[in-house]
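Inspection log for the structure reproduced underneath, given as structure tokens.
Read-outs: derived from the displayed coordinates by stated rules, not from any lab. What you are looking at is a predicted structure, and each value in this text was computed from that prediction instead of being measured. Please note: Cβ atoms are built from the backbone with ideal geometry, for glycine as well, and neighbour counts cover all protein chains shown.
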Amino acid sequence: MRSLILVFALHATGQSLSQGMLINELCASNHGGYTDADGRKPDWIELHNSSTKSIDLLGWRIAINGKQHVIDAPLRIPAKGHLLLFCDGKPERGPQHLGFTLEKKGGAILLIAPDGLGIADLFTYPALRANTSLGRTPDGHTAWSLFAQPTPGAVNDAGAIARGFSKAPQLALDAEGKLIATAEGEVRFTTDGSDPRSADAKRFDEPVAVEPGQVVRAITVQQDCLIGDEAMLLIPANGHAGDGFALALDPQDLWGDSTGIYNPGAAQNHTRRGRTWERDAVVRIDSSAISVGARLFGSGSRGLGKRSFKVFARDRYDSPADGFAFSDGTRVHEGVLRADASPNAFLRNAVMEQLVERFGLHVLVQPSVAKPLYLNGAYWGLYRWMPAKDAEWLKQRSGAEALDVLEGPASTERSGKDHRFLKARDLLLRGAPIDSIDALIDTRSLIDLACIDLYTGRADHELNVRCYRPRERDGRWRWVLFDMDLWAPPNENSVQRMSLAVLPETPFVPQLIAQPQLQQRLLARLTALHATAFAQIPAFADSLYHAHAADLAADFKRWDLQLDMPVPEASLAEVKGFATQRPAHLFAHLAKHTGRRLRETAIDAPRADQGALLLEGLALTPGKHTVRCFEGVPMRIELRVAEGHEFAGWKGAELSSASGAIDLWKAKGLRAVIRGVVP
């Protein structure tokens, strides 16, 4: 296994390397190796005046990858001295601040004399790891080295030269279950989650016995190289396959009384939030070890034994530049390991996620993959891995270049501004004409959110709120659906509860009901969802349960004595029972609240080979359906005939075309007449 060899291009014109202005050192990923007088941590380029006279840099130019900065004020560097230029893109801060940042992936830097023609120095640098620099050794010479300890503004270390970064070792278990490691250099490792760069790390010399339930972290120490990527190996325990997610942190960062983010003892503090409580970690996803930052995540799980994590792919940790890949095609830099605290919570969240995606509802939902989590090697239960619902993910899903993103009942600004939302909310509150509301709000999204919240009776609907709009002239507000674990009892009058809120709160149920057109849209959409998407909840729950039965059972065994949770089988029965009982109660409550009568109408949907019948854009499964519908609510109906067939009319509706609006409450039954086309 060869180490990465760095190639440097150096050209001097008009003067030798020992006599003139030179690029002496640079750091393209500074995250604490150097802090300026204002407390900032900019990337930097160090210049060295190797001559015996001071030089004024007024008029000199620095160019990189097609971008150029001219030093437009006096800036003197003494003979044999050093000067830092800060690559922060903030030239207004002074002549030492350049109008560009350094590319993390590498680039070519030109130092150009004031005449614009003479190139004093040219330096090509590769991708650098966080807080490492590349410089001449010693100052002003042609030899170059990587520095694990950068020396900004000071003499470069003329000791051992490092020409690259070591590669991660290969880890495996032999036939006897002992650890084996291969690398082009010395392997150092730990088995408790701690950093293998620490002084306590062990040196690998021969196969080593390791205990089940441990996690091995290892690095390669190689001559002429700085330490590069690390490897991780999970040692299976208690019958678990070890093919899930593995998260490893230094035990003190995890459990320490004053520093630990997961401290379970008397000193535990569930309010530990923000960058201060982010810790270096390694996560293994799809068999690859990735250096990340890790924090606790969420609010409800912080007081429980089983807690959620957020992991950050950051440049400071040398994480992959493109972040984490997810099944919806997004690549983002923040991911969540969601700790559903019971089989109920897992099934409810997973069912609603699948329902939204399968039926194309007008809310966004984070795609998740369910896997066991191993925390420092210990089995930690069933978790769901998903992207964070932040502006980065939302921009990719929406295709917008910039967004306004608001969160929570107070509509706190997460990105952009809230003034357009306040205007839109005001229109809802005063029952403005529908065209005015539609101009600012994607009412399909709000109504789908309201239908889901009403159907589930979500107890914390007013807390779990995130909405966004493309930051453009015609951008409209849409909603994100998340945290769907707290469903109400099947007979709860959620309509009344949501309508009695003291302050206006998402999804604005009383306002939707009070505005005549929005009320009709809400009732029509709920009718269609009941006949299509919501009718599939028992089947979705069955499928999800059987796909994850073993993981749900293992999770229950792990947390049964610490969390109040039903057995997985009871959770499945509860979800299916809810789906059976809930519609009758919900529709009765809505009928009473709106003063509209209810009735059931039979609809016969065609066979798949004949075509598809859609209610409010949602396809009915083939066969007979009993649909609850409200008096005086027109429904959009559409027949899409299959090839080789044609529409011949409707039975039960006075509609001449294959699509249109009908009042199902007036129809005793509805069936499309379809006939084959004679070739």
Would you please put 439-450, 511-522 in order of how densely packed they are, using the mean number of other Cβ atoms within 10 angstrom per residue and starting with the highest?
439-450, 511-522
The alpha-carbon center of the range 383-404 and that of the range 105-120 are separated, in whole Å, by 39
Take every Cα-Cα distance within the range 314-407, group them into 5 Å bins from 0 onward, and report for each bin the whole-number percent of pairs it holds.
2, 12, 19, 22, 21, 14, 7, 3, 0
Relative to the compact-globule scaling 2.2 N^0.38 Å, provide the ratio for the alpha-carbon radius of gyration of the range 176-335.
1.09
Correct semi-axes for the range 598-676, from √(5λ) of the alpha-carbon gyration tensor and rounded to whole Å with the largest first, are 21, 12, 10
Charge tally for neighbours of D250 with beta carbon under 11 Å away, counting Lys, Arg as +1 and Asp, Glu as -1, is -2
With a 19 Å threshold on alpha-carbon distance, the violating pairs from K80/K104; K576/K668; K67/K104; K371/K557 are K80/K104; K576/K668
For the chain: span of alpha carbons on each principal axis (Å, largest first):
100, 65, 64
So what is the orientation-averaged projected area of the range 387-452, using the convex hull of its C-alpha atoms, in nm²?
5.3
Helix runs (DSSP H) in the chain reaching 18 Å along axis by Cα, Kyte-Doolittle at least -0.5
343-359, 443-456, 516-531, 568-594
Gap separating the Cα centres of the range 568-591 and the range 529-547, nearest whole Å
12
Surpassing 29 Å at the alpha-carbon level, of the pairs K167/K395; K41/K105; K306/K417, are K167/K395; K306/K417
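Among 212-219, 122-129, 430-437, how do they line up from the highest to the lowest mean number of other beta-carbon atoms within 10 Å? The partial results should precede the final answer.
On the way: 212-219: 22.0, 122-129: 19.8, 430-437: 13.6.
Per-residue Cβ counts within 10 Å, averaged per peptide and sorted highest first, yield 212-219, 122-129, 430-437.
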By the C-alpha gyration tensor axes a ≥ b ≥ c (rounded if a/c is under 1.5, else prolate when a/b exceeds b/c, else oblate), the shape of the range 10-163 is rounded
For 92-102, 495-505, 137-147, ranked highest to lowest by mean beta-carbon neighbours within 10 Å, the order is 137-147, 92-102, 495-505
Just check the range 535-621 against the gyration tensor rule for me: Cα atoms, a ≥ b ≥ c as the square roots of the eigenvalues, rounded for a/c under 1.5, and otherwise prolate or oblate depending on whether a/b exceeds b/c.
oblate
Using alpha carbon centroids, what distance separates the range 646-679 and the range 154-200, in Å?
72
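What is the ratio of the Cα radius of gyration of the range 119-170 to 2.2 N^0.38 Å, with N the residue count, to two decimals?
The reported ratio for this selection is 1.23.
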Take C225, C467 and order them by how many other Cβ atoms sit within 10 Å, fewest up front.
C225, C467
